[in-house]
Amino acid sequence: MSPAETGKTPASPYEYGSFADNGSTLSSEAITDSATSTDNNYGYMGQESFKRRPILSHLHHIAIRIERSLDSVGRSRQESLSSVEEDDYDTLDDINSDKNIVRTKKFLCVSDLARKDKRVLSKKYQIYFWNIATIAVFYALPVIQLVITYQTVVNVTGNQDICYYNFLCAHPLGALSAFNNILSNLGYVMLGLLFLLIVLKRDIVHNRALVRNDLNALECGIPKHFGLFYAMGTALMMEGLLSACYHVCPNYTNFQFDTSFMYMIAGLCMLKLYQKRHPDINASAYTAYACLAAVIFFSVLGVVFGKGNTVFWIVFSVIHILATLLLSTQLYYMGRWRFDSGILRRMVYIIYTDCIRTDRMVLLVMGNIVNWSLAAYGLIERPNDFASYLLAIAICNLLLYFAFYIIMKLRSGERIQCLALVCILFTAVVWGFALYFFFQGLSTWQKTPAESREHNRDCILLSFFDDHDIWHFLSSIAMFGSFLVLLTMDDDLDTVQRDKIYVF
């Protein structure tokens, strides 16, 4: 029974607004009555007000829906996964009506946004893994070819100014000039593989519980979809490979190789956080990777044209702010909004009525403040290292969303189990030490080769690894720990009914 039906107010009231075409906001009482009038038949929200059906017609509709539901349940047990398509669910008229009503309920629970067939969602989220695996192959092969060419040019010409090494701790191996910087990336690959094995074990255990018709697996906890976790583990492994490629010959033209899959990791982590409470309406893999491709596209433009180019920074800052506003609207109304002549009036009305009393609005306001500040900083300072600036934007947004998730989880009366708490504390400490070694700056391609060599330092570990190698070791451990946090942070809800788990 939902909180709106019982009249109880949760520890954290999380009210959902309406972005209807007429600009009006549906009352929670009308929504609740509509939501409970039939077996998950929430009616239709259009430009006109809701109309009550005659009682006999209403009962007849219920009988038809029950009969169809029983038939569909019998058929679904015999259908194979390949016969289920997401669009088969989304194109039904009554489901579209449900979307409008469910997403405007005063108190929304996970059960309201976990209504699609689990086989449909499993297939949808597995696409994340297969897509990133395909991207990895087509992205990595040209990169490997390019850095081998770079290294060959260095060896043939003897011009050591092409690549920015830490020459005081550069141990060659064969044709490689700084093998230690390449070897230290092995941690990303090994820990990424380990995370994939951990996820696979959880996936197998969950599937066995579903086969046994375990009620906890079927009706309790955050819906378990592992496709994004598989994609995250693959991205961590690819980060190690591409970072190793960058360190074959580090310079400003190939630095984006080192950061491309960091954008991927940050984006996938944010998608996973959102998916936990919004499994039915999370972005598809195609949309997500298209957005990440746009980020990488701007990263390349920033490297080529961004240095001291006023026009580029103005265009990028405007696009950054507009994208933030669009994403904020999409998140707040969960896709149920329209762009028309009355949108500005409705936005002002909703901000006036919801800004103070809605936690979600607070998150989005803070997110806009952070992103607008970063856009202003970029426009004023115009940093030479555009790739790192873009990565800082992604990390700031991820940290903000993660902090919001933890705060709302605690405010909603949920708790963090010991394993997840240990992972959070351990990961935070490791990230602190990792960032210390990252900012040592043993070389920098933002200056001339001679100026870069002034920052070179001797090895500090086993007379073989330098400060940047330590960053590789620690950051790989910290990323692995961050993934474990996302994997375990909602384990306390595994025995809680989904209609008692709040969406935020």
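Derivation of every value follows stated rules applied to the coordinates shown; laboratory data play no part. On a predicted model such as this, the values are computed, not experimentally measured, just so you know. Don't worry about glycine lacking a Cβ; one is built from the backbone with ideal geometry, like all the others, and counts go over all protein chains shown.
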- Compute the signed sum of charges (Lys and Arg +1, Asp and Glu -1) over the other residues within less than 15 Å, Cβ to Cβ, of Gly221. 0
- Note on the structure: Of the convex hull drawn through the C-alpha atoms of region 453-504, the volume per residue in Å³ is 102 Å³
- Using the per-residue mean of other Cβ atoms lying within 10 Å as a proxy for protection, in what order, highest first, do the peptides 118-124, 366-372, 201-207, 238-244 fall? 238-244, 118-124, 366-372, 201-207
- Surrounding net charge for Gly378, when Lys and Arg each add one and Asp and Glu each subtract one, Cβ distance under 14 Å: 0
- Query: Ranked highest first by the average count of other Cβ atoms within 10 Å around their residues, in what order do 388-397, 260-269, 171-180 fall?
  - Reply: 260-269, 388-397, 171-180
- Message: For region 372-447, compute the orientation-averaged projected area of the C-alpha convex hull (one quarter of its surface), in nm².
- Response: 6.9 nm²
- Message: Assuming 0.36 nm per residue, please report the length gained on full extension of the stretch Phe433 to Ala403 beyond their Cα-Cα distance.
- Response: 8.8 nm
- Query: Can you give the net charge of the other residues whose Cβ lies under 15 Å from the Cβ of Lys307, counting K and R as +1 and D and E as -1?
  - Reply: 0
